Amino acid sequence: MGEQKAMTIKGNMATAMGAKLCRPNVIPAYPITPSTLFPEKMSEFVADGELDASMINVESEHSAMSACIGAAATGARVCTASASQGVALMHEMLFIASGMRLPMVMAVGNRALSAPINIWCDHQDTVASRDSGWLQFYAENNQEGLDLMINAFRIGEDKRVLLPVMVGIDAFVLTHTIEGVDVPAQEDVDDFLPPYEPPHGKLDPKEPATFGSFGTPEYYQEFKQAQVEAIEGSRDVIDEVFEEYEEMFGREYNKATPYYCDDAEIVLITMGSMTGTAREAVKKLRKEGKKVGLIKLTVFRPFPSPELKEILSGVKGVAVVDRNISPGAYGAMYSDLAAAYTNDEEKPILKNFITGLGGREIFVKNFEEMYEMTKKAVDTGNLGKPVEWINVNEDVLR
Amino acid sequence: MAEEELELFASGHRACAGCGEGTAVRQILKVAGPDTIATICTGCLEVISTGYPETAWEIPIIHAAFENSASVASGVEVALKELGKKEGVNVIAFGGDGGTFDIGFQALSGMLERGHNITYVCLDNEAYMNTGIQRCSSTPYGASTTTSPAGKLSIGEHRPKKPIAAICAAHGIPYTATASISHIPDLKKKVKKAIETDGPAFLHVFSPCPTGWRHGSDDTISIARLAVETGVFVLWEAEDGDICNLNVTVKPKKRKPVEEYLRPQRRFRHLSEKDIEKIQKEVDEKCEKYGF
Ligand SMILES: Cc1ncc(C[n+]2csc(CCOP(=O)(O)OP(=O)(O)O)c2C)c(N)n1
Ligand code: SF4
Ligand SMILES: [Mg+2]
């Protein structure tokens, strides 16, 4: 094993370095705040001869994803990066990438969607594409951003999976923030991630095949079913790969990671960078003798219902903190968790909190507040509003 | 195998009888040969040729969506180069007129500007046929379509056809040509030049649709021929985007009146003598510019 190199880098640099270590062949990309540094860095790596790959500086994100599809179908290892409006513009093509079972990795600088236009963090962009058939991972910090990129290639390219993967890093909080990151040695990543050869053929005149057929009602549903089986099957692959990564590189990953959950009465669930703040809140509340824990959700698709329910067994109240909203319904994590419990007799009280939209700060005191509200619901049986908004500027609302 | 015998677009596909697109693709692939990868757009071509579990294609192809044949092909071409497999392999991006003139125009422009070694072929039947004959920026003045219907207050399509090939040529690409399924030797010569071009080439192929133009299914070739003989559709080629010095490859000795082209097509049947005169005048002016 080579030595890992300690560096202090921005989140975008971390995902770019993670991608570079995976030796992609083709990188079609289009700049958008806060992800722009990714294509810039990849271009530099290529220009300096550090990475043997081709950039395609396309004219839009729709074309970026289209070129990713063309290149992946030709047998190339492909990656790109985007955010917000860019991911939205790609939306149509996201389904086609997964439907054609083309592994590829996209780093997303999670950013709010317009209108109003806003460049800061929330998870609406990737959450809005949760049904596109991509696996979705969310990083808490820059180290996770780098590590998850490497894991994403390995998991997506696994013969049992063959699906594209998004790795979310929060806008600015991670993309533009400098943190210490340990960067694995190239030869070790080469051992971890073998070269990619599509197992079911590619665009090759020696073996002509038609990709992207017209699927009539007699066939379409089975295509979708097979795709869903693949993402279901990715659950075990994710565990295996995370474990192997930990053995090789010494950093632990889980679909859902508990913190102080063993004897907890109330548990907060978070995704992305807000987890660090939530952890501080839990520490503080624990010092005050409150039985509170935290779950960090790293894998949002496939949704880890079994893991979450196991961690939450015996817990009385769950505060699901969504940095996204499905207007007219709930936050996405909340909906999925609630659905996972539908047929259970014993279940905790779930409360849905929406906060941090468009870069709104989330403070330790906000998590304390969410804890208190959930505790009150458990103690009094008064559940409060179906969706609670946290850290609201009432003056603006009026 | 001799080019004539080479069949890479199989019979038995589901195009309407007399469809121009099938003829165009079959002839183009005879020239391109088996070492070709194609991308196609959503539209008639995809529907008639890729119904799972069948395919009409004897070469590898990929269909992704409606507006992005050019960008999917860009990914294919760069991947081939990066994997060391481009040598001797042609990449052809097919698009309908809708997928080229309208919704795919941005992707096409990007592909041309980036200089990919791709031959882009637009199969122009002058409307969105697959969705039921809606107007496109390729639809000519006076044609009745389902979204530009002729009526008491409407002549049908009221805007002229967008000069797509000239616009593509204006990107400064090494080779641009217009062609028609009525002039196969001319078409094939241009296909050969296009695929031998190092860099982007654009081929605009006139391809009548009996269903949408409402003419007899056995009139497809003669209608296409009339378009050339009347000067409605001019066959030309240009190198390095030099449209001031384009080469008109088929010059009718004496142009036939446009009426002969318009009358057999029921999409034009509402046109009055005066309307036809107006169209004739515009065609005359255009042909004068082309020098015949
Ligand atoms: C994004 C998107 N918008 C609309 C459609 C619907 N649609 C499918 S094919 C088509 C028209 C195709 O027209 P053209 O490119 O001229 O090809 P043709 O069918 O005439 O050969 C349309 C509008 C679509 N598939 N995708
Ligand atoms: S509608 Fe027109 S273009 Fe489509 S298959 Fe029929 S004849 Fe061909
Ligand atoms: Mg058309």
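The number of residues in the stretch B:1-59 that are surrounded by fewer than 19 Cβ atoms within 10 Å (Cβ to Cβ), within 14 Å of ligand 3 (Cβ to nearest atom) and part of a loop (DSSP other than H, G, I, E, B) comes to 1. When the stretch B:261-292 is filtered for residues that are part of a helix (DSSP H, G or I), within 22 Å of the chain's Cα centre (by Cα) and modelled with pLDDT of 95 or more, the ones remaining, listed by number, are B:261, B:262, B:266, B:267, B:268, B:279, B:282, B:283, B:286, B:287. In a residue-by-residue description of the stretch A:267-289, the property of being in contact with a helix residue (DSSP H, G or I) (Cβ under 8 Å, 6 or more places away or on another chain) and among the basic types (Lys, Arg) applies to at least one position.
Annotation: of all residues in the stretch B:89-119 being within 14 Å of chain A (Cβ to nearest Cβ) and within 16 Å of ligand 2 (Cβ to nearest atom), the one that is farthest from the chain's Cα centre (by Cα) is B:99. Among strands (runs of 3 or more DSSP E) entirely within the stretch A:1-113, having at least 2 residues that are more than 14 Å from chain B (Cβ to nearest Cβ) and surrounded by 23 or more Cβ atoms within 10 Å (Cβ to Cβ) singles out A:79-82, A:105-110.
Consider residue B:6 carefully, then state whether it is more than 13 Å from ligand 1 (Cβ to nearest atom), away from chain A (no Cβ under 13 Å) and modelled with pLDDT of 95 or more. Show your work before the answer.
Working: more than 13 Å from ligand 1 (Cβ to nearest atom): yes; away from chain A (no Cβ under 13 Å): yes; modelled with pLDDT of 95 or more: yes.
Criteria met by residue B:6.
Could you tell me whether any residue of the stretch B:146-161 is closer than 17 Å to residue B:233 by Cβ, out of contact with any Lys or Arg (no Cβ under 8 Å at 6 or more places or on another chain) and crowded, with 21+ Cβ neighbours inside 10 Å? Checking the stretch B:146-161: not a single residue is closer than 17 Å to residue B:233 by Cβ, out of contact with any Lys or Arg (no Cβ under 8 Å at 6 or more places or on another chain) and crowded, with 21+ Cβ neighbours inside 10 Å.
For the stretch B:120-132, the candidate set comprises residues that are closer than 21 Å to residue B:233 by Cα and of a type outside the set (A, V, I, L, M, F, W, C); within that set, the residue that is nearest to ligand 2 (Cβ to nearest atom) is B:125. When the test is whether a residue is farther than 28 Å from residue B:131 by Cβ and outside any helix (DSSP H, G or I), residue B:254 passes it.
For residue B:127, only one of the following conditions fails: (1) within 13 Å of ligand 3 (Cβ to nearest atom); (2) within 13 Å of chain A (Cβ to nearest Cβ). What is its number? Single failed check for residue B:127: (2).
Only a single criterion out of (1) in contact (Cβ under 8 Å) with a residue 12 or more places away in the chain; (2) out of contact with any Ser or Thr (no Cβ under 9 Å at 6 or more places or on another chain); (3) farther than 23 Å from residue A:300 by Cβ is not satisfied by residue A:202, namely (2). Within the stretch A:1-28, being under 21 Å from residue A:154 (Cα atoms) and hydrophobic (A, V, I, L, M, F, W, C) holds for A:1, A:13, A:14, A:16, A:17, A:19, A:21, A:22, A:26, A:27. When the stretch A:208-239 is filtered for residues that are in contact (Cβ under 8 Å) with a residue 60 or more places away in the chain and in a loop (DSSP other than H, G, I, E, B), only A:212 remains.
When you scan the stretch A:342-358, do you find a residue that is assigned to a helix (DSSP H, G or I) and over 26 Å from residue A:113 (Cβ atoms), even just one? No, there is no match, as no residue in the stretch A:342-358 is assigned to a helix (DSSP H, G or I) and over 26 Å from residue A:113 (Cβ atoms).
The listed residues are B:13, B:63, and the only one of them that is within 7 Å of chain A (Cβ to nearest Cβ) and either within 16 Å of ligand 2 (Cβ to nearest atom) or at pLDDT 95 or above (or both) turns out to be B:63. Which pairs do you get when a residue that is free of Cβ contacts under 8 Å to residues at least 40 places away in the same chain and more than 9 Å from chain A (Cβ to nearest Cβ), found in the stretch B:27-56, comes within reach of a residue that is outside any helix (DSSP H, G or I) and of a type in the set (Phe, Trp, Tyr), reach meaning Cβ atoms under 6 angstrom, with the pair 6+ apart or on two chains? Taking only residues 6 or more apart or on different chains, the pairs are B:29/B:9.
Would you please name the residue that is surrounded by the fewest Cβ atoms within 10 Å (Cβ to Cβ), looking only at residues in the stretch A:304-323 that are in a loop (DSSP other than H, G, I, E, B) and in contact with a Leu (Cβ under 8 Å, 6 or more places away or on another chain)? Walk me through it before giving the result.
Residues of the stretch A:304-323 in a loop (DSSP other than H, G, I, E, B): A:304, A:312-316, A:323.
Of the ones still in play, those that are also in contact with a Leu (Cβ under 8 Å, 6 or more places away or on another chain) are A:304, A:323.
Values: A:304: 24, A:323: 29.
Only one residue fits best here, namely A:304.
Here residue B:242 fits the description: out of contact with any strand residue (DSSP E or B) (no Cβ under 9 Å at 6 or more places or on another chain), of a type outside the set (A, V, I, L, M), surrounded by fewer than 21 Cβ atoms within 10 Å (Cβ to Cβ) and over 20 Å from residue B:145 (Cβ atoms).
Check A:172, A:242, A:153 and return the single one that is in a helix (DSSP H, G or I) and out of contact with any strand residue (DSSP E or B) (no Cβ under 6 Å at 6 or more places or on another chain). Even if it seems obvious, please write down each step before you answer.
On the way: A:172 fails: in a helix (DSSP H, G or I); A:153 fails: out of contact with any strand residue (DSSP E or B) (no Cβ under 6 Å at 6 or more places or on another chain).
A:242 is the lone residue from the list that is in a helix (DSSP H, G or I) and out of contact with any strand residue (DSSP E or B) (no Cβ under 6 Å at 6 or more places or on another chain).
The values are calculated or read from the model by the stated rules, or taken from the named source; none is laboratory data. Nothing here was measured: the structure is a model prediction, and the numbers come from that model. Every residue, glycine among them, receives a Cβ derived from its backbone with ideal geometry; neighbour counts consider all protein chains shown.
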